[in-house]
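The values are calculated or read from the model by the stated rules, or taken from the named source; none is laboratory data. Just so we're clear, the structure is a prediction, and the values are computed from it rather than from any experiment. Note: ideal-geometry Cβ built from the backbone for every residue, glycine included; neighbour counts use all protein chains shown. Calculation scope for accessible area: heavy atoms of the full protein, side chains included, ligands and nucleic acids excluded. Shrake-Rupley method; radii C 1.70, N 1.55, O 1.52, S 1.80 Å.
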Amino acid sequence: MPSAEPVPTRAVTVSRTGPLAVVTDLGRSGYAHIGVPRSGALDPAALRLANRLVGNPEGHAGLEVLLGGLELCAEAGVTVAVTGAPVPVRWYGRDGTLRAVDSHRAVHLRAGERLELGVLAAGLRCYLACSGGLDVPAELGSRSTDLLSGLGPAKLADGDRLVLGTAGALPADAGPVPVSVPPALVSLPVLLGPRDDWFADPAGALRGSLWTVGSASNRIGLRLSGAALTRVPERDGVELPSEPMLPGAVQVPPSGQPVVFLADGPTTGGYPVVGVIPEAALGALAQARPGDQVRFTPC
């Protein structure tokens, strides 16, 4: 009796990455005590939505794409969805036919067809999910790229081939879906402490300035500039032993210009933390570009 034909491997090839593209999922929680950041999608709601649109469990690995510019080619039939910040999406047929398709909806690619993301007009990051998810090796329970520790897959490079898992059934069309549209001014609640007593009027200083996102910001932390926070006299020049950190911690170095740690941020730090942004509010910072403004609401 002849043997069954092997099932072909499902995969996509990255023709062009754009400025930066990384593999991401919902992160590797539970390892901060050994110095491993949580990592994972900076806009987890957008990744969850992309996975739902292609019939995946919400935690499957997809791509986080900075500013767009990604292009990929399907080696076999695959359904994809692009979410996050609004971005033009173009489909290319095997004969070179070009068609504009919508983001935030499922798009089917046959073998040899390509998908291209344009440039984001607003916001910073979009997310791409493939039916079956990206079947890259997991490290400490996650497939996320961690730019600080180096865990997980390397940043994507042109020509990378990404193997896909087994696709599930597509969901019924749910109609309009939410888009991660960044507001003109990002307003963030911040819980004061544990080191707010190191600063003169910390609530007033945080609330009283419009903070500008700096160009050195990345997945590790958002660097802000504004009216510097000043230490109380008895803390001026005092060193602080390293203590635990978590995403959302607002750390203040000697310059007085705060840094908000994000998903790839360190698990310890030696500068005082004036407050912590609740995790539910951090997704808005995934779309904050250099030059955008942030306002803190201490509570």
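Figures for the structure shown
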| quantity | calculated |
| --- | --- |
| All strands (runs of 3 or more DSSP E) inside region 36-101 with 2 or more residues being in contact (Cβ under 8 Å) with a residue 60 or more places away in the chain and closer than 21 Å to Val22 by Cβ | 62-66, 71-74, 78-84 |
| Selection status of Arg99, of a type in the set (D, E, K, R), surrounded by fewer than 19 Cβ atoms within 10 Å (Cβ to Cβ) and touching a helix residue (DSSP H, G or I) at 6+ places or on another chain (Cβ under 8 Å) | no |
| Hits in region 107-124 - residues which are open to solvent by 40 Å² or more (accessible area, probe 1.4 Å) and within 21 Å of Val22 (Cα to Cα) | Arg114, Val119, Ala121, Ala122 |
| Every residue from region 270-284 that is surrounded by 15 or more Cβ atoms within 10 Å (Cβ to Cβ) and at pLDDT 95 or above | Tyr271, Pro272, Val273, Val274, Gly275, Val276, Ile277 |
| Restricting region 222-259 to residues that are among the β-branched types (Val, Ile, Thr) and farther than 26 Å from Ser29 by Cα, the residue that is surrounded by the most Cβ atoms within 10 Å (Cβ to Cβ) | Thr230 |
| Of residues in region 23-46 being among the hydrophobic types (A, V, I, L, M, F, W, C) and in contact with a Gly (Cβ under 6 Å, 6 or more places away or on another chain), the one least open to solvent (accessible area, probe 1.4 Å) | Ala46 |
| Residue match in region 147-166 (condition: within 14 Å of Asn51 (Cα to Cα), in contact with a strand residue (DSSP E or B) (Cβ under 8 Å, 6 or more places away or on another chain) and crowded, with 18+ Cβ neighbours inside 10 Å) | yes |
